[in-house]
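**Student:** Below: one structure in structure tokens.
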Amino acid sequence: MATIKTRVTEGSTGEYRPEPLEIEVPRLGGAGLDGIEQADPLNHFEHMAAVREGRIGSVHSWELVTAVDGPGTRMTTFFAGCPLRCLYCHNPDTMKMREGTAVTAQALMKKIKRYKGVFKASNGGVTFSGGEPLFQPAFLARLLRECKELGIHTAVDTSGFLGRSLTAEMMDNIDLFLLDVKSGIPEIYKETTGRELAPTLEFGKRLSEAGKKIWIRFVLVPGLTDAPENINAVADIVAGWSSVERVEVLPFHQMARDKWETLGMEYKLEKVQPPSKEATEAARDIFRTRGLAVY
């Protein structure tokens, strides 16, 4: 295993910035990941250099989807590794980078290029999700740059917690941000994710000021994020970002419960039932009162 370092801490100015946190990255060889060739085994120093330069990244999986994760038909690529520990995470198997597969940017781009015609015909593109794509900024930056050169629409699905890792060049190469705002109240955000809300707020403001297109995602979890005061807080925050195009209120579900059990991880929401259609629609109405397009 190789190790890269990343952490987010609060500075004296109240801003959050990346600093070291140890993360293990796998070194694998061969071919797999559903048609994406894995990286050849390297020695420790070669691997570290490749990770720093964005030539190698840790990827969990990919899928071709329509009508989700952005416009048109999209190749959604799930990066491995995330600094958050969301209680309702539906991809807990993407939390740790060492659980992913080491692939080269070149191999992943080869796969992406195969669907260029599909993207063009459907007004689709590529969505980088996870996990957290900004957990691997050099790898993400390289992929975004190459997609931009090919004229492929790009979207990044992020919590915004590592938003300080997003460079100006990366921002220019992203057409759409799918921003997960998990709570509008800091205490609830901390309970839900184990992290602080402030970095996401800073990130959303930065995107808005830059005029970047944003789709907001908010997961409605009974007993956790569904309090009216929390929903109103999220709505107030989002309404303040002028470049938000839509809000997706996503009802909590239990489809990931088996994943948590298989991984041997404690799942604290096992007894939580999905919200009713009426409760979900009531939450959507709160966003609509702010003049937001809601789905």
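**Student:** Collect residues whose amide H, placed 1.01 Å from N in the peptide plane, falls under 5 Å from the amide H of Glu248; neighbours closer than 5 in sequence don't count.
**Tutor:** When sequence neighbours closer than 5 places are left aside, the close amide H contacts are Ile216, Arg217, Phe218, Tyr295.
**Student:** Using the Kirkwood formula on the Cα atoms of segment 121-207, what hydrodynamic radius do you get, in angstrom to one decimal? Don't skip to the end; give the middle numbers.
**Tutor:** Numbers: mean 1/r = 0.0738 Å⁻¹.
Mean inverse Cα-Cα distance, inverted, gives 13.5 Å.
**Student:** Which residues' amide hydrogens lie under 5 Å from the amide hydrogen of His153, considering only partners 5 or more residues apart or on another chain, with H built in the peptide plane?
**Tutor:** Amide H neighbours of His153, under 5 Å, 5+ apart: Val126.
**Student:** Now for a different question. Keeping every protein chain in place, order Trp241, Trp62 by accessible area at 1.4 Å, biggest value first, i.e. largest first. Before the final figure, lay out the partial values.
**Tutor:** Working: Trp241 20, Trp62 40 Å².
Descending order: Trp62, Trp241.
**Student:** Here's another thing I want to ask about it. Can you compute 3J(HN,Hα) from phi for each residue in segment 158-171, using the Karplus curve 6.51 cos²θ - 1.76 cosθ + 1.60 with θ = phi - 60°, rounded to whole Hz and x for Gly and Pro?
**Tutor:** For segment 158-171, the Karplus-derived couplings read 9, 7, x, 5, 9, x, 5, 7, 7, 7, 4, 5, 4, 4 Hz, x marking Gly and Pro.
**Student:** Give me P(r) over segment 70-183, computed from all C-alpha to C-alpha distances, binned every 10 Å, as integer percentages.
**Tutor:** With a bin width of 10 Å, the distribution comes to 14, 48, 33, 5.
**Student:** Can you list the HN-Hα couplings for segment 125-140, worked out from phi with the Karplus curve (6.51, -1.76, 1.60; θ = phi - 60°), rounded to whole Hz and with x for Gly and Pro?
**Tutor:** Couplings: x, 10, 10, 9, 10, x, x, 9, x, 6, 6, 10, x, 5, 5, 4 Hz.
**Student:** So, counting K/R as plus one and D/E as minus one, what does the shell of residues with Cβ under 14 Å around Asn230 add up to?
**Tutor:** Values: positive: Lys182, Lys190; negative: Glu187, Glu191, Asp226, Glu229, Asp236.
For residues surrounding Asn230, the net value is -3.
**Student:** I want to verify a result. In a Gaussian network model of the chain, Cα cutoff 10 Å, which of these has the top mean-square fluctuation: Phe45, Phe177, Phe119?
**Tutor:** Phe45
**Student:** Sticking with this structure for a sec: By per-residue mean of other Cβ atoms within 10 Å, what is the highest-first order of 203-210, 166-173? Let's see the in-between values first.
**Tutor:** Details: 203-210: 17.6, 166-173: 15.2.
The most tightly packed comes first, giving 203-210, 166-173.
**Student:** Moving to a separate point now. Mean separation of Cα pairs under 8 Å and 6+ residues apart, divided by the residue count of the chain: what relative contact order is that in percent? Before the final figure, lay out each step's value.
**Tutor:** Values: 626 pairs, mean separation 42.1, N = 295.
Answer for the chain is 14 percent.
**Student:** Binned at 10 Å from 0, what are the whole-percent values of the Cα-Cα distance distribution for segment 220-290, short to long?
**Tutor:** For segment 220-290, the binned pair fractions read 18, 43, 26, 13, 1 percent.
**Student:** Taking amide H positions as placed in the peptide plane 1.01 Å from N, state which residues far from His60 in sequence (5 or more) or on other chains have amide H under 5 Å from it.
**Tutor:** Placed amide hydrogens put Phe78, Phe79, Ala80, Thr101 under 5 Å from His60.
**Student:** With a sphere of radius 12 Å drawn around the Cβ of Ser122, what net charge do the other residues whose Cβ falls strictly inside it have (Lys, Arg +1; Asp, Glu -1)? Walk me through the numbers on the way to the answer.
**Tutor:** Numbers: positive: Arg74, Lys116, Lys120; negative: none.
Spelling it out: positives minus negatives among the neighbours equals +3.
**Student:** Starting at the first residue of segment 172-185, write each ³J(HN,Hα) from the Karplus equation 6.51 cos²θ - 1.76 cosθ + 1.60 with θ = phi - 60°, in whole Hz, x for Gly and Pro.
**Tutor:** Couplings: 4, 8, 10, 8, 8, 10, 9, 9, 7, 9, 7, 6, x, 10 Hz.
**Student:** With a 1.4 Å probe and every protein chain left in place, work out the accessible area per residue of segment 50-209 in Å², rounded to a whole number. Working shown, then result.
**Tutor:** Details: 5780 Å² over 160 residues.
About 36 Å² of surface per residue is accessible.
**Student:** Please compute, for the alpha-carbon atoms of segment 173-295, the extent along each of the three principal axes and give them in descending order in Å.
**Tutor:** Cα extents, longest axis first: 42, 33, 26 Å.
**Student:** Under the rule that a partner needs its Cβ under 4.7 Å from the first Cβ, which Cys of the chain have none?
**Tutor:** So, Cys82, Cys147.
The values are calculated or read from the model by the stated rules, or taken from the named source; none is laboratory data. What you see is a predicted model, and the numbers here were worked out from it, not measured in a lab. Positions of Cβ are backbone-derived with ideal geometry, glycine not excepted, and every protein chain shown enters the neighbour counts. Surface accessibility is based on the protein's heavy atoms, side chains included, excluding ligands, DNA and RNA. Shrake-Rupley method; radii C 1.70, N 1.55, O 1.52, S 1.80 Å.
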